[in-house]
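Q: The structure's right below; bear with me while I get my questions together.
Nothing in this text is a laboratory measurement; each read-out follows from the coordinates by a stated rule. Only a predicted model underlies this, so the values are computations on that prediction, with no experimental measurement involved. Don't worry about glycine lacking a Cβ; one is built from the backbone with ideal geometry, like all the others, and counts go over all protein chains shown.
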Amino acid sequence: MWFMAQVSCFTAIRLFLKWNAFEKLPVDKESAISWAELADVLRGDVALITRIGQILVAHGILKHVASGRVAHTHFSKLLLIPAERAIIELGFDVHAQSWMCMPKYFDHFGLVDPNDSRQTSMAFGEGRLGSTPFDIIYADEERRKAFIACLTVNARQNPALGKYDLDWVIKQADQSPSRALVVDVGGGDGRALMAMFKAWPNLARHRCVLEDLSEVIGEVRHAADPDLAGVQMVPADFNKEQPIKGALLYYIRQCLHNHPDDKCVALLQVLARAMAPDSRLLIVEALLDDPATTHQAALDLMMMGIAGRERTLANFEEILDKAGLRITQVLQTHELSATIECMLT
Ligand SMILES: C[S@@+](CC[C@H](N)C(=O)[O-])C[C@H]1O[C@@H](n2cnc3c(N)ncnc32)[C@H](O)[C@@H]1O
């Protein structure tokens, strides 16, 4: 029953998020609400709300105050934050759904390590074989918003640089006035660059570049975050020719794990072709231990659902070597994040 209990908790949280039920609980410390009152504001059956709610009480997500009355906990209050709820929504709707489909998916495709971004268990479950995970996520407004919101939490879990020292870029900037300083490839909403500007205020923003798919760049431009003011925003598909040549630093965080090895090699080759002999590439990703921890293995299974994978250092060495790159520095931040510096071989 242990497994089913964990899944029941995940399901109950997802339902309460869907119904905006956590928002209906009083947030002040002493106040509680009855299941009947909650059912009333949600316009739902008391029996249904009680049955789903009791799972949250049993798992300590909500606090039992008196018979039939509950209150917020520290955890349920976290679920009021848009980015935190987005992580659960995407985890449940995309990753857990793709796990549920895996038995039938492997019946269909055989016991083959998924390596085609258009033939994933996520697409299989959605009835959309032939579409990539990002085609599927970005086509659905609710999921697209949840995905972008997740990047905030993602950024917190994967510090932009970890212990990496950007001082050399600042020092070399004056000697190479025509070169871009940092190109954030697949940079999403630019959170990594923002973190770099905060830590290194001398990093010239107008010489830094944020790249992503055109729909993402359009959205970032529209949001006009003052923390990205001055940054060059360039729509660029990282599978195609890199538009910015000879930058001091190319940077890619949490993108490679979304893709199978051959796609990563092709993507890294594209970057290698744009790099100058002294350019560096920083990869920020999890580095799998041997054996993998429970969190690393779970993350790897999430990536399997989209034909991506988490990688060991040896896996990174292999794909980098095929792309004409070599590792020059590895800095472990924590079990789910490391900073890997590379140069041309
Ligand atoms: C997991 S997110 C990481 C975002 C960002 N690097 C960060 O760490 O916050 C992966 C990013 O890759 C982008 N992406 C997916 N396919 C892409 C492509 N073909 N070219 C450029 N960016 C792409 C997505 O839009 C998304 O922003």
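Q: May I ask for the percentage of alpha-carbon pairs in the stretch 2-78 that lie more than 17 Å from each other? The partial results should precede the final answer.
A: Details: 1058 of 2926 pairs.
Here the long-distance tail beyond 17 Å is 36 percent of all Cα pairs in the stretch 2-78.
Q: Let me ask another. To the nearest µm²/s, what D does Stokes-Einstein give for the chain at 4 °C and 1.567 mPa s, using the Kirkwood radius over alpha carbon pairs as Rh? All intermediate terms of the calculation are to be shown ahead of the outcome.
A: Working: Rh = 22.0 Å.
Diffusion coefficient, whole number: 59 µm²/s.
Q: For the stretch 59-69, take each phi angle, set θ = phi - 60°, evaluate the Karplus expression 6.51 cos²θ - 1.76 cosθ + 1.60, and give the result in whole Hz per residue in order, putting x for glycine and proline.
A: Once θ is set to phi - 60°, the couplings for the stretch 59-69 become 8, x, 6, 10, 9, 6, 9, 8, 3, x, 10 Hz.
Q: Enumerate the whole-percent occupancy of each 5 Å bin, from 0 to the last occupied one, for all C-alpha pair distances of the stretch 241-298.
A: 4, 17, 22, 22, 15, 9, 6, 4
Q: Based on the inverse mean of 1/r over its pairs of different Cα atoms, what is the Kirkwood hydrodynamic radius of the stretch 82-175, in Å? Could you put the intermediate results ahead of the total?
A: Details: mean 1/r = 0.0639 Å⁻¹.
It is 15.6 Å.
Q: Also, quick follow-up: Which listed residue (147, 121, 324) has the Cα farthest towards the positive end of the charge dipole for the chain, taking +1 on Lys and Arg C-beta and -1 on Asp and Glu C-beta about the Cα centre?
A: Of the options given, the answer is 147.
Q: Take every Cα pair under 8 Å in the stretch 82-154 that's 6+ residues apart, average their separations, divide by the length, and report that relative contact order as a whole percent. Could the numbers behind the result be given before it?
A: Values: 66 pairs, mean separation 30.8, N = 73.
Relative contact order, the stretch 82-154: 42 percent.
Q: Would you compute, for the Cα atoms of the stretch 98-138, the largest minus smallest coordinate along each principal axis and list the three values in descending order, in whole Å?
A: Reported extents, whole Å, longest axis first: 28, 19, 13.
Q: Continuing with the same structure: Which whole-angstrom value gives the distance between the alpha carbon centres of the stretch 65-102 and the stretch 142-180?
A: Centre-to-centre distance over Cα atoms comes out at 28 Å.
Q: Nearest 20 debye, what's the magnitude of the dipole of the stretch 2-78 about its Cα centre given +1 on Lys and Arg Cβ and -1 on Asp and Glu Cβ?
A: Numbers: 9 positive and 6 negative charges, 38 e Å.
I would put it at about 180 debye.
Q: Beta carbons within 10 angstrom, averaged per residue: use that to sort the peptides 66-78, 152-164, highest first.
A: 152-164, 66-78
Q: Additional query: Could you tell me the distance between the Cα centroids of the stretch 240-278 and the stretch 182-200, to the nearest Å?
A: After rounding, the separation between the Cα centres reads 16 Å.
Q: Arrange the following residues from fewest to most other Cβ atoms within 10 Å of their Cβ: 313, 248.
A: Working: 313 16, 248 22.
With the sparsest Cβ surroundings first, the list reads 313, 248.
Q: Continuing with this model, one more query. Report ³J(HN,Hα) in whole Hz for each residue of the stretch 88-95, in order, from the Karplus equation J = 6.51 cos²θ - 1.76 cosθ + 1.60 where θ = phi - 60°; Gly and Pro get x.
A: Coupling constants for the stretch 88-95: 5, 4, 5, x, 6, 6, 9, 6 Hz.
Q: What is the gain in length, in nm to one decimal, between residue 51 and residue 206 on full extension, counting 0.36 nm per residue of separation less the C-alpha to C-alpha distance?
A: Here the answer is 50.3 nm.
Q: Any chance you could get the radius of gyration and Dmax over the Cα atoms of the stretch 158-344, in Å?
A: 15.8, 46
Q: Hey, what does the equivalent ellipsoid look like for the stretch 10-143, semi-axes from the Cα gyration tensor as sqrt of 5 times each eigenvalue, largest first, whole Å?
A: Listed largest to smallest, the semi-axes of the stretch 10-143 are 36, 15, 12 Å.
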